[in-house]
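Participant: First the structure, which I've put down as structure tokens, then a few questions once you've had a look.
The numbers here are math on the coordinates, done by the rules we state, and not lab data. Treat the numbers as computed from the prediction; the structure is a model and nothing was measured. Glycine gets a Cβ as well: all are built from the backbone with ideal geometry, and neighbour counts include every protein chain shown.
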Amino acid sequence: MTTRPGLVSWHELRLQLSAVLPDENRSLGIPPACYADDELLALEQNAVFHHGWVGLGRADRWADTGDYSAIDIGGVPLIVMRSKSGALKVFANSCRHRGSQLLSGDGNCKKIKCPFHWWTYDLDGRLKVYPRMENAVDFDPDKFGLVEFAVAVEHGFVFTSFEDQPPAIAEWLGDFDRFHQPWGINHWKTTRVREFEVDCNWKTFIEVFNEYYHLPMVHPESINWLYPEPDAVDAVSGQYATQFGATEGAAALMQDTQQYALPTARGLQGREARGTRYTWIYPNLTFALSQDSMWMYQAFPLSANRCRAIQTICFPTESVALDDFSERAEYYYQRIDAALDEDLPFLLRQQLGLNSKFALQGRFGALEPSVGKFAYWYSQQMLKQLSLT
Ligand code: FES
Ligand SMILES: [Fe+2]
């Protein structure tokens with residue numbers, strides 16, 4: 001039997017990653033070490049979070065001037081902020097004095113004031129207040145603004161990149177428009193955001209959301225009935241995977257609460273008015289887009305076997321304006337949370353198995369093509385990074 005030591009050798013890792021193929025029906029899965037080995041985290045962070053674009057959430061989460069969230073992406077603490085000009089900004093959450101984290105959690109502020117020695121920045125990241133710096137020779141505060149990263153907003157999703165010259169977002173997303181345009185989600189409203197931590201690798205958290213395989217086993221009573229066999233996975237040109245499936249009724253409601261279904265989004269027709277598109281924008285943003293609602297998850301690594309997840313739920317603007325929206329939306333929240341609660345114990349068990357040094361690469365079933373597509377993308381990014389190290 002092939003075994004791996006606590007830390008897989010670079011040579012072995014290369015071989016394993018090379019066995020992940022573009023055709024998921026012939027491919028092995030992502031090497032288990034990539035889910036369990038903290039020694040590989042730095043490589044992974046460079047490979048998949050520090051290149052290209054990373055999804056930060058929905059733009060309307062930061063609707064008003066001064067709204068902010070502190071988010072850690074692949075070991076880089078960030079501030080997402082709605083600036084005075086109305087543009088979204090992404091800053092390094094590191095004070096330019098001696099590096100303190102500036103903000104934590106979510107909130108609204110008029111300026112960014114470091115709690116340590118009170119260096120204070122405006123909402124565009126310019127250093128404005130710097131107590132007792134009169135002795136610093138040739139100190140130019142204009143050179144000590146916050147480090148700022150590129151931002152792109154597409155279909156209401158916010159992306160950032162750590163690259164000085166990132167690829168054009170249109171190039172990154174390829175033909176994403178073609179599959180998502182009909183819903184008009186750039187105008188949908190976020191009505192609830194929840195954050196929590198889970199004892200599993202960030203990839204397993206996103207993977208389970210993108211496969212139908214586990215539905216009869218993990219969700220037999222709750223949501224399995226909603227989902228007949230989905231369409232084939234779509235062939236796409238961007239850095240994402242997507243698969244559409246017709247559903248019985250509203251996919252985001254349980255069987256016994258279907259009477260609370262909100263209206264179908266304006267403009268949706270044909271099969272798209274009666275189904276759900278599951279999309280995974282690499283590396284770590286995924287969403288389900290139904291005729292009446294969207295629920296989205298992002299997962300960020302805290303360690304190899306622990307992640308921070310953000311759950312976001314959105315509805316068409318016309319639905320949010322209905323008098324009884326709040327009451328009806330509760331049933332959506334309950335269904336989405338219930339499905340997650342059913343997944344969580346399985347994710348913890350999966351992580352326990354992946355932690356073993358005897359865990360080996362598996363194969364993909366017919367109902368998890370998006371997981372296979374991601375595995376190939378991920379393995380290619382890791383191999384590219386390995387060739388640079
Ligand atoms: S570290 Fe921020 S003001 Fe000193
Ligand atoms: Fe599930």
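Participant: Using just the helices of the chain, give the 222 nm mean residue ellipticity in deg cm²/dmol: DSSP H runs with n ≥ 4 each add -39,500 (n - 2.57), and the total is spread over all residues, rounded to 500. Intermediate values should be presented prior to the final figure.
Facilitator: On the way: 10 runs with 93 residues, N = 389.
Helix-only estimate at 222 nm: -7000 deg cm²/dmol.
Participant: How many nm is it between the label spots at residue 224 and residue 269, if each spot is 7 Å from the Cα in line with the beta carbon?
Facilitator: Taking the simple label geometry, residue 224 and residue 269 are separated by 3.7 nm.
Participant: Moving on to the next point. Please report the relative contact order for the chain, taking Cα pairs under 8 Å with a sequence separation of at least 6, and give it as a percent rounded to a whole number.
Facilitator: 23
Participant: If each residue of separation counts as 0.36 nm, what is the full-extension length gain between residue 136 and residue 25 once their alpha-carbon separation is subtracted?
Facilitator: Details: separation 111, 0.36 × 111 = 39.96 nm, distance 6.33 nm.
Value of the extension gain: 33.6 nm.
Participant: Tell me which GluC sites (Glu not before Pro) from segment 218-286 have a DSSP coil assignment and no more than 11 other beta carbons within 10 Å of their own.
Facilitator: Passing sites in segment 218-286 are 221.
Participant: May I pose another question? Using alpha carbons only, how many angstrom separate the centre of segment 197-246 from the centre of segment 128-170?
Facilitator: If we compute the Cα centre of each part, the gap is 37 Å.
Participant: To continue, here is another question. Arranged from highest to lowest average of other beta-carbon atoms within 10 Å per residue, in what order do the peptides 17-23, 129-135 appear?
Facilitator: Descending mean neighbour count gives 17-23, 129-135.
Participant: A follow-up question, please. Considering the chain as a Gaussian network with a 10 Å cut-off on Cα pairs, which listed residue, 283, 77, 301, attains the greatest mean-square fluctuation?
Facilitator: 77
Participant: Could you work out how far the C-alpha centroid of segment 250-295 sits from that of segment 16-33, in angstrom?
Facilitator: Each part reduced to its Cα centre gives a spacing of 31 Å.
Participant: R0 = 41 Å: FRET efficiency of residue 388 with residue 338, Cβ-based, nearest 0.05?
Facilitator: So, using R0 = 41 Å, E works out to roughly 0.40.
Participant: Could you point to the residue in 312, 121, 151 farthest towards the positive end of the chain's charge dipole, with +1 and -1 charges on the Cβ of Lys/Arg and Asp/Glu respectively?
Facilitator: It is 121, whose Cα lies furthest towards the positive end.
Participant: Taking 0.36 nm per residue of sequence separation and subtracting the Cα-Cα distance, how much length would be gained by fully extending the chain between residue 326 and residue 246, in nm to one decimal?
Facilitator: Stretched out fully, the residue 326 to residue 246 stretch lengthens by 26.2 nm.
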